[in-house]
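The structure appears right after this line, and notes come after that.
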Amino acid sequence: EAGVAQSPRYKIIEKRQSVAFWCNPISGHATLYWYQQILGQGPKLLIQFQNNGVVDDSQLPKDRFSAERLKGVDSTLKIQPAKLEDSAVYLCASSLVARSGGGQETQYFGPGTRLLVL
Amino acid sequence: AQKVTQAQTEISVVEKEDVTLDCVYETRDTTYYLFWYKQPPSGELVFLIRRNSFDEQNEISGRYSWNFQKSTSSFNFTITASQVVDSAVYFCALKNYGGSQGNLIFGKGTKLSVKP
């Protein structure tokens, strides 16, 4: 079974530029998550989708970050304009469901996109 | 408040030594899940184990074992006879059961270096 796919793996941009990341979750997984991982810290949730609807975007800096999952499968995360503090690894994860008692909520992560903002 | 604390920032051991990674969590929920993930230098978070709050049985998987103690809010991870390939950052995470939100609360991670 293919895992979570992400691209690009690395991106270097200058501040105030825009950037977009792509994620393809595990086939059949209804729930998709974007996390931001700053160096030396654990991942922090940015946004959670259930199919193509947003469940939680409370920690997404909406003045510069946006995300969509139009057909309930692939997702894109965009930053415009980027700031120096956006330098981080952006991780996409997916799970069968968001909540269950049988392990279907276990999240599986992609390899991440390392963003460096200069 | 929900919180996960991994007090050990870095641990260095020599191959074949046993090593225990500590995890202490805080939550007001009575039903929750605990996870351990491994993050090798490649960056991908690899799922290792999931534990329900109502199942305190310890678990062993090969050289890996987990000790879950609700009385001390701890979920420690032991690697027996460590190998160089175990070198990675290990994250403990908490997920509450309530509501539709599924976000994981991660600790800051423990970097394990296993030297030959």
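The values are calculated or read from the model by the stated rules, or taken from the named source; none is laboratory data. Computed from a predicted structure; not experimentally measured. Ideal geometry is used to build each Cβ from the backbone, glycine not excepted, and the neighbour counts take in all protein chains shown.
Data table
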read-out	value
Search result, residues across region B:91-105 that are closer than 13 Å to B:Glu26 by Cβ and either facing chain A (nearest Cβ under 7 Å) or at pLDDT below 85 (or both)	B:Asn96
Selection within region A:65-78 - of a type outside the set (Ser, Thr, Tyr) and either out of contact with any strand residue (DSSP E or B) (no Cβ under 6 Å at 6 or more places or on another chain) or within 12 Å of A:Trp22 (Cα to Cα) (or both)	A:Ala67, A:Glu68, A:Arg69, A:Leu70, A:Lys71, A:Gly72, A:Val73, A:Asp74, A:Leu77, A:Lys78
Selection within region B:89-114 - at positive phi and over 10 Å from the mean Cα position of the chain (by Cα)	B:Gly99
Count - residues of region A:73-86 that are within 14 Å of the chain's Cα centre (by Cα) and part of a loop (DSSP other than H, G, I, E, B)	2
Some residue of region A:40-54 being in contact with a helix residue (DSSP H, G or I) (Cβ under 8 Å, 6 or more places away or on another chain), on the phi < 0 side of the Ramachandran plot and part of a loop (DSSP other than H, G, I, E, B)	no
Every residue from region B:71-92 that is free of Cβ contacts under 8 Å to residues at least 60 places away in the same chain and under 19 Å from B:Leu104 (Cα atoms)	B:Ser73, B:Ser74, B:Phe75, B:Asn76, B:Phe77, B:Val89
Of the criteria (1) touching a residue at least 40 places away in the same chain (Cβ under 8 Å); (2) within 30 Å of A:Tyr10 (Cβ to Cβ), which one B:Lys16 fails	(2)
Qualifying residue in region A:11-19 (condition: touching a Leu at 6+ places or on another chain (Cβ under 7 Å) and either in a loop (DSSP other than H, G, I, E, B) or small (Gly, Ala, Ser) (or both))	yes
Matching option when the condition is loosely packed, with under 14 Cβ neighbours inside 10 Å and either touching a residue at least 40 places away in the same chain (Cβ under 8 Å) or within 15 Å of the chain's Cα centre (by Cα) (or both), among A:Leu70, A:Leu45	A:Leu70
Single condition A:Tyr33 does not satisfy, out of (1) buried (at least 21 other Cβ atoms within 10 Å of the Cβ); (2) in a loop (DSSP other than H, G, I, E, B); (3) touching a Leu at 6+ places or on another chain (Cβ under 7 Å)	(2)
